[in-house]
Each structure stands twice: as C-alpha cells, then as structure tokens.
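The values are calculated or read from the model by the stated rules, or taken from the named source; none is laboratory data. Because the structure is a prediction, the values reported are computed rather than measured. Methodologically, a virtual Cβ is constructed for each residue, glycine included, from the backbone with ideal geometry; neighbour enumeration extends over all protein chains shown. Side chains are part of the model used for accessible areas, which takes the heavy atoms of the whole protein and leaves out ligands, DNA and RNA. Shrake-Rupley method; radii C 1.70, N 1.55, O 1.52, S 1.80 Å.
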Amino acid sequence: MVKYLADTQGLAPAEAEPYRYLIEQDLNQVESFDPELAVMCGRCHSSARFALQRRTEAEWEHLVHFHLGQYPSIEYSLYGRDRDWLHLALTQSVPELAQRFPLESESWAQWQAADKPELEGRWVLSGHMAGKGYLYAIMTVVADKKDYYSLSLAGRYANGESVSGTGKAVVYTGYDWRAQLQLDGVAMRQVLAADSSGNRLTGRMFQKEQELIGMRITALRDVGVSQLNSVFPSHIRRGRSQTLLLTGTQLSGEIQLPAGLALEEIVSRDKNHVAIRVHAAKDATTGAAELRVGPAILSGALVVHERLDALSVEPAYGIARVGDNGGATPKVQAVFRAVGMDFGPDNVAGTKDDIRLGYIDDASWTVAPWDAAAERDEDVKFTGKMDPGTGVFSPADAGPNPLRKRSTNNAGNLKVIASYRDGEQDVTGQAHLIVTVQRWNSPPLK
Ligand code: HEC
C-alpha cells in the first residue's frame, strides 16, 4: 500500500531533492528555512517534515486544525504563546504552504509521464566511513520483479577492512531506492535516489540501529561506457607523492594527469579501479585538478594544495542521546569527521580562495567542556566517551546519576576537538556536541 501511494501520489525527484537529508536520516543538520515558517511549523519537528508533503490549500488547513486538536500545546508552548498562533497559521502559513508545496505541480506531472529506469546491473559504489576511511565496493543488483531487487555488495575500506553482504531493495515512485542489507552481520539501510538516466544512485547508507553511523554514497552503473565516479583521497599536496584510488566503470584507457602532476607508478588497476602513485610538483597549480582515464573525465574531485591550515569538523553541531541502562530507548551516538582546509594564497580563513581538501582520516579526537558550567559539572567525565581514533561519540547510560549534582542525568555540553599532526605542528578544529536525554517519541521522519 505504501508503494502504491508513493507511486501514485509521491514526490517528483526535484521536489524531494532539497530535503532528502531527512529521509536519508542525516540528522545532525541545521536547516536553513524561511524563518516565519520555521517558527510556525519547524520548531517541534524539522521543516523538511512538511516540505516533503504536497497538499491542496484545504488540506493544509485541515492539517493546522488537526494539529491543534492533537497537540493543543501548540498554542501555549514557546513561539506559540507569544503570538496568535492559530490565526497566523490559518491566514499566513496555510496560503504560503499551499503556494510552495501544492498538490499539483509541473514537476510531478512531468515525472509521472517520464520513463522510469530499471536499476538492475553492476554498480561501482563509493563513500566515506568515519574511522574506516573511503569505501570502494561493487554492488550487484538483480531484479526479482518490477521495482523489487536483490543485491549483493563487496568492497573494502581505506583502512584495509573488507565489507560484504546481501540485501533487498524496493524502488518507490520510480526512483527512490530503499534497501535493507546485512553487511558483515550489521543491519544497514540504503536510502538512495536514482537520477533520470537511472545510471547513478546517490544518498546515504547507514546502520539501522545508529542512523548517524553511515556515509554519503554515490554509485555508478556499468553500462559499457567509460566513466569515473570518485577519487580517494580528494587532495594532494605540492611537493608530495600520494597514492590515489580512482573508481568508475570500463576504466581501460590511458591515464592522463594535468600539468604539475606526474604519474610515478600504476599500483593496480582493473576496469572498475585505478590505483596510482602520483607526485605533485612544487609549483603545480593549486585548486581543482582534472583527471582522465581514456575518455572518462573527473573534474573538481581532486584538489592540489600547498598547506594544511585548519580542520573543519563536520557536523559543526551534533547531538547524542543517553539511553539503555534498562530502559527501552537505545543510546544515540554522534559521529564527527575532519575536513582539511588550506586558506589559499592569501592565507586568510573564510575567503574565496580557501581550498576545501576533503576528509583527513588520521585525525585524533577528544572532548572538552563547552563552557564554565560544563566544566563545573564535569560533563566530560559523565556524558560518555569519544573514540580517539574514529570521531564516534558513545553517550553514557540513561537515568538519574547519584554522582552528579542533584542526581541529574548524564546530559552535557561539550567541545569536540579534532587534531592532526602535520610535520612539526598540530592542526586542529572543533565542533559543538550536546549530549541530551532520550527522544521518547521517535517517528520515522523527525
Ligand atoms: C507544537 C509542536 C508542533 C508545531 C508547532 C507543528 N507541529 Fe507538525 N507535528 C507535531 C507532532 C508532535 C507531530 C507528530 C509526530 C511527528 O511525526 O513528528 C507532527 C507531525 C507533522 C506532520 C506529519 C504528520 C501529518 O499529519 O502528515 C506534518 C506534515 C506536520 N507536522 C506539519 C506541520 C505544519 C505545516 C506546521 C505549521 C502549521 C506544524 N506541523 C507545526 C508537532 C508540531
């Protein structure tokens, strides 16, 4: 029934695209949304929650009335009691919702008329897992019947760990891929979207039980043409040599590097990958470099840079939740990644010549009190543990803690610090981590 409704009353790819982070369960995000609608409608759940629906004006109005009946606190909770909420909702929010998210749309009409791709075949998949590094895998997809697939996946992380498993996928609305798989005994989910050609899937793969433990992935289907998908790592430094792993399909042609990059050695290659040792000259042009293997071109994925000036920690603001300890609600971990930054020729942070280098894998991780209150309450000691090698924070047990002031629970306010030893200096970056209480009501879309 869900599939029937999705197929007949779903969202066109272009309609879902800006809000896919919600369905992909990429939850440590700060949304940027129209501030009025965000306060009226996006203060209890995400704004993506309503931006992923399409209704007539009358149906948006029904939703407001139904909300008020179901959640009367909407009028007296924060940002409800300071205004005439119901009046504003009916006279301002409803028309705006109806205009921005109408039931009938051009893109939905076009998508309904469009040919929907079959997604069977051999896919080259890549992503990045915190603590394990880049993933390169082959995913083989076989159709069981229209829109229902069996899949198997086998690959390797940059740290040498192999990964394999099998699963099943259902495609909703002609492009929206939902797979359940077991990878080495861990239950995983894939939430991917096929592009209009049906030869490219993008989205997230994550642990079923810990949605934040996962990665953004892209997969390219082998359709007999030469294409590049990704390069790992995504940065090379002037004056250094680096092994690069390029992935794609039908990669049999000649390897061509831009001026300033010299091929030292082909470490290994087959039609889905090319591993090469490359040297960047001291005067190689900094910025995005174009890579070619035969006719396949990958532009903008590799950058040449001069220095590692700072780390930017992603997400900048993360949330973990205490749990377990005999209760029914599991802990929610948070995961951070370090992204390298070169401040560019002007050596000033935040200007347009800054170069984003991509993930820096060998960073080490610690937490510190966010402020004086967090220091006084010993939040670092009570809230949980940061894995120094992976950036994964595992929160402490739920429930009152007699060792804390007023036996409060193990919530707290932390600074997450990433640090990387670069020659003689330590390059660092930081983010904010709130460790908070359980989410008691956990709808599939937050
Ligand atoms: C006082 C908190 C609160 C505010 C403000 C609020 N919602 Fe909700 N909303 C909820 C809760 C609670 C649910 C049900 C739990 C869930 O699914 O997150 C929900 C569910 C939803 C859903 C999914 C379920 C459905 O009925 O389709 C939509 C869509 C939605 N809200 C839209 C809106 C819109 C539009 C506004 C502004 C007019 C709004 N919400 C304002 C609390 C709120």
Could you check, for the stretch 403-421, whether at least one of its residues is aromatic (F, W, Y) and assigned to a loop (DSSP other than H, G, I, E, B)?
-> no
Selected residue (only one of G155, G165 is farther than 23 Å from Q256 by Cβ, modelled with pLDDT of 95 or more and buried (at least 19 other Cβ atoms within 10 Å of the Cβ)) = G155
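Every residue, every condition in (1) closer than 30 Å to Y21 by Cα; (2) open to solvent by 30 Å² or more (accessible area, probe 1.4 Å); (3) more than 16 Å from the ligand (Cβ to nearest atom), yes or no:
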position	(1), (2), (3)
G340	yes, no, yes
P345	no, yes, yes
V348	no, yes, yes
T436	yes, yes, yes
Out of all the residues in the stretch 71-80, which are more than 7 Å from the ligand (Cβ to nearest atom) and outside any loop (DSSP other than H, G, I, E, B)?
-> P72, E75
Do you know which of the residues in the stretch 85-115 that are touching a helix residue (DSSP H, G or I) at 6+ places or on another chain (Cβ under 9 Å) and outside any helix (DSSP H, G or I) is farthest from the ligand (Cβ to nearest atom)?
-> S105
Near the ligand (Cβ under 10 Å from one of its atoms), of a type in the set (A, V, I, L, M, F, W, C) and on the phi < 0 side of the Ramachandran plot: does that describe A58?
-> no
Give me the pairs, please: first residue somewhere in the stretch 31-45 and of a type in the set (D, E), second residue anywhere and open to solvent by 30 Å² or more (accessible area, probe 1.4 Å) and more than 7 Å from the ligand (Cβ to nearest atom), beta-carbon distance under 8 Å, and either six or more positions apart or on two chains.
-> D34/E96; E36/Q92; E36/E96
Strands (runs of 3 or more DSSP E) (entirely within the stretch 322-377) containing at least 2 residues that are in contact with a Leu (Cβ under 7 Å, 6 or more places away or on another chain) and over 30 Å from R404 (Cα atoms) = 337-342
